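Remarks on the structure that follows.
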Amino acid sequence: MPSESSRKPFSESGRSAESAPGAPVPQGEIPLSVPEIRGNEWKYVKECLDTNWVSTAGSFANRFEDMLAEYVESKYAVATINGTSALHIALLVAGVHPDDEVLVSTLTFIAPANAIRYVGAWPVFIDAEPNYWQMDPQRVVDFLEQECRWTSGELRNKVTGRRVTAIVPVHILGHPVDLDPILTVARKYGLAVIEDATESLGAKYKGQMVGHQGDIGCFSFNGNKLITTGGGGMLVTDNEDWAQRARHLTTQAKVDPVEYIHDEIGYNYRLTNIQAALGCAQMEQIDDYICVKRGIASAYTEWLEDLAGLHPMRQAPWAESVFWLFTILVDETKYGMNSRELLAKLLEAGIQCRPLWQPMHLSPVYADLKPADCPVANRLYQDGLSLPCSVSLGESQRLVLDSLKQLSLLAGHQA
Ligand SMILES: Cc1ncc(COP(=O)(O)O)c(C=O)c1O
């Protein structure tokens, strides 16, 4: 843990270039979100290495699936090489076809939008709601009810004429989307709901685990996630046929265990046993991690009450957030600097932080799509800043807060 004396001083300008996302955190810096490896990870991985079960077959892969299915109370789980591939397969098994349209949160990491394109479908970007920053369910309902037409047993976008087949609510930052209105309208029109729960494993919506309320849920175990397998993902569903097809597609669609016979285009998407071994060890500790994450969030929330212009993410009354990535909004007029200026100052001081993702409707990748009106996501993108919140954060959290206070003073405002 960095000591006070090892902290870099603030200056008027400049930033620490080494703090690029994904770069190893230099000694003395406070990372944004790093893995917590303190349980049976070494033991289980050694078991794989000792027994040569290093690849996609092996007991840990099945065990990891069972553990996750049980945890989110889902009937079936299929382990994948990452969360993006889980989303890709989810869209395929849910029956999304080329040229269909799929509603997806605009304020998200790009993976779910890209997965929609992988299957040849088109994303329709939905704005965030202002309170908890998640996909706005009213926007979903309005789009489906007003901008689409039910004709010959299909829902079609009135402007593009395309068939709408699925909704991908993304539970961002550890907090659930308000799912009920989305599920209701999806049932009305026979749309599949694929929850992107990659950032929110363990979060609950109205007392139920996210990932298990729509038709399929997807998780990620990337290095920055609540639990990690280095890289990895999981798809969960109660639909046996979909689970079987997902397993088939993730293992090259092989129909015979010995002969190389394949009945459709499959993918090499199955998680390895070594990664699953890590996953099993991480799952053993997940409740503890969530407890720590919630503690970090409540400490930030309490401390930031006294600091004008910094507004922490909140938890809806119907939600149990896991606060995966603790994020604040920076009000420039009250704090004295904007989110990017604060980002630069914190990086310079050795405190890793990140802006929110550029909303998908603004992404150059999707510039050819019909422009979407998403003012809430635009504002969240402009003002959002994620702060260090690793499970191992400990006393360093005080240093983050002290820096936020000092910078507020530096900007000429009273904390
Ligand atoms: C919202 C969201 N969806 C999907 C993914 C993709 O997961 P992975 O990196 O495991 O492919 C991520 C992050 O990594 C994410 O944040």
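Going by the structure shown, is Gly202 on the phi > 0 side of the Ramachandran plot and at pLDDT 95 or above? Yes: the conditions hold for Gly202.
Note on the stretch 154-191: among residues that are over 24 Å from the mean Cα position of the chain (by Cα) and on the phi > 0 side of the Ramachandran plot, the one that is nearest to the ligand (Cβ to nearest atom) is Gly190.
Cβ-Cβ distances below 6 Å connect the following pairs, each with a first residue in the stretch 222-234 that is over 18 Å from Tyr269 (Cβ atoms), a second residue that is of a type in the set (Phe, Trp, Tyr) and more than 10 Å from the ligand (Cβ to nearest atom), and a separation of six or more residues or different chains: Leu226/Tyr289. Look at (1) surrounded by 17 or more Cβ atoms within 10 Å (Cβ to Cβ); (2) within 16 Å of the ligand (Cβ to nearest atom) and you find that Ala243 fails only one, number (2).
Taking the stated definitions as given, is Gln358 in a loop (DSSP other than H, G, I, E, B) and under 25 Å from Pro123 (Cα atoms)? Yes: the conditions hold for Gln358.
Which one of these is hydrophobic (A, V, I, L, M, F, W, C) and modelled with pLDDT under 95: Leu404, Leu399, Leu346, Leu409?
Details: Leu404 fails: modelled with pLDDT under 95; Leu399 fails: modelled with pLDDT under 95; Leu346 fails: modelled with pLDDT under 95.
From the options Leu404, Leu399, Leu346, Leu409, the qualifying one is Leu409.
Looking at Thr165, Thr160, just one residue is of a type in the set (S, T, N, Q), touching a Phe, Trp or Tyr at 6+ places or on another chain (Cβ under 9 Å) and under 30 Å from Ile265 (Cβ atoms), and that residue is Thr160.
Considering the stretch 73-89, and only residues there that are more than 16 Å from the ligand (Cβ to nearest atom) and of a type outside the set (S, T, N, Q), the residue that is nearest to Gln208 (Cα to Cα) turns out to be Glu73.
Any residue in the stretch 90-103 that is more than 15 Å from the ligand (Cβ to nearest atom) and on the phi > 0 side of the Ramachandran plot? Yes; the residues of the stretch 90-103 include at least one that is more than 15 Å from the ligand (Cβ to nearest atom) and on the phi > 0 side of the Ramachandran plot. The set of residues in the stretch 333-366 being of a type in the set (A, V, I, L, M, F, W, C) and closer than 21 Å to Leu32 by Cα consists of Met337, Leu342, Leu343, Ala344, Leu346, Leu347, Ala349, Ile351, Cys353, Leu356, Trp357.
Checking each residue in the stretch 194-222 for being in a loop (DSSP other than H, G, I, E, B) and within 9 Å of the ligand (Cβ to nearest atom) picks out Ala197, Thr198, Glu199, Ser200, Phe221, Asn222. Check whether at least one residue in the stretch 227-234 is surrounded by 24 or more Cβ atoms within 10 Å (Cβ to Cβ), touching a strand residue (DSSP E or B) at 6+ places or on another chain (Cβ under 7 Å) and aliphatic (A, V, I, L, M), and report yes or no. Yes: one or more hits.
Please state which one of Leu49, Leu32 is in contact with a Pro (Cβ under 6 Å, 6 or more places away or on another chain) and at pLDDT 95 or above.
Details: Leu49 fails: in contact with a Pro (Cβ under 6 Å, 6 or more places away or on another chain).
Testing whether each residue is in contact with a Pro (Cβ under 6 Å, 6 or more places away or on another chain) and at pLDDT 95 or above leaves just Leu32.
The values are calculated or read from the model by the stated rules, or taken from the named source; none is laboratory data. All values derive from a computational prediction rather than experimental measurement. FYI the Cβ positions are ideal-geometry reconstructions off the backbone, even for glycines, and counts take in every protein chain you see.
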